[in-house]
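This report refers to the structure that appears directly beneath it.
The values are calculated or read from the model by the stated rules, or taken from the named source; none is laboratory data. Just so you know, these numbers come straight off a predicted model, no measurement behind them. Reconstructed Cβ throughout: ideal geometry from the backbone, glycine too, with neighbour counts over all protein chains shown. These area figures cover heavy atoms from the full protein model, side chains too; ligands, DNA and RNA do not enter into them. Shrake-Rupley method; radii C 1.70, N 1.55, O 1.52, S 1.80 Å.
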Amino acid sequence: MAKSTSQAPLGIAPPIGVEAARKSLQREGAREKLLGIGTIILFVLIWAAIYASKILPGWAFPSPWQVIVAFNEIVTNGTLLKNTLASIERQFTGVILAAVVGVPVGLLLGANSTARAALLPICRLLYPIPGIAWIPLAILWFGVGFTSTVFVIFFSGIWYVIFNTMAGVQTLPAQHLDVARVYMTPRWLFARRILIPGALPFIITGLRLSYGVGWRVIIGAEMISSIVGLGFLIDDARWQLRPDIMVCGMITIALIGWVSETLFFDWVERLTVERWGMKTN
C-alpha cells in the first residue's frame, strides 16, 4: 500500500500559514520595541557618564537620579499636575480651533481656484512669521494668560492644517471629481463623501504637525505671558537654578507628545485611513 505524501511539488515553496505570519509580525514588533528601549537606556547611560565626567558643572547639568528625585518632589506637592493640566488645556484648545478653521479653509482652497487665487497669497505671507513673534501683540490684545497663549498656538498651527488639507484635495484622482460633477452632487455631499475622505491622510498629517508645533510655541508663550503651565515651570526653575526641575518639565512634554501620538493620532489613523485601505507602506 503506497504511502500518501503531503509534500509540495518540487520547485514550489509551501505557503506560509496565517499563524506563522502572525508570529513573524509579533517577533518583528518585539524586536522594534527592544531596539527603542535599548536606545533610551543607552541615552540615559550617556547622560549619566557626562554628569560623572564633570564636563559641565553639576549646578547646571543634573544627573538622572536628581531628575527622578525632582519628579517625586513636584508630583508630591502638586506642582507638576497643576502646570501640566494648564498647558494641556491651552494646547488642545489651540489645536482644535486650528482644525475647525483650517480644514474648511484648506478644502476651499483645494477645490476652488478662485478662492485659491484670492487667499493663497496672504496665507503664504503670514505662514513664515514665527508664532513667538505674535506673543507681544497677543498680550496687548488679550492680556497675560489663557487667551493670548491659545491665540499664539492657533495662529502657529493653522497653516499646517490649511496647506496639508489643500494638498490632499489637489491630489484626489480626477475621475472622482468628474463623476461628482456629472451627477451634480450637492456641495455638502461632495465635501462629506469625496473631499474629506480623500484628503484625510493629509488632514491627519496637518493635525500632527500643528500639534507638534503647538508644544514648541506654548512653552515660549508661557515663559513670557503666563504664571502657570509647563513653560512657566521650566522658566521659574531656571531662576531658582533648578535644572533638575527644568528637565522634568521637558520630559513631561515628551511623554505627553508620545501618549498623544500613540493613543490618539495612531488610533484615528487605524479607525479611518488604514480601515479604508488608504495607507501605503
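The table below gives the values:
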read-out: Selection status of Tyr51, among the aromatic types (Phe, Trp, Tyr) and under 18 Å from Val152 (Cα atoms); value: no
read-out: Every pair of residues 6+ apart whose Cβ atoms lie under 8 Å, when the first sits in segment 100-111 and is within 9 Å of Met166 (Cβ to Cβ) while the second is open to solvent by 20 Å² or more (accessible area, probe 1.4 Å) and among the β-branched types (Val, Ile, Thr); value: Leu107/Ile196
read-out: Subset of segment 69-93 that is β-branched (Val, Ile, Thr) and touching an Asp or Glu at 6+ places or on another chain (Cβ under 9 Å) - its residue that is least open to solvent (accessible area, probe 1.4 Å); value: Thr79
read-out: Subset of segment 139-153 [free of Cβ contacts under 8 Å to residues at least 24 places away in the same chain and β-branched (Val, Ile, Thr)]; value: Thr147
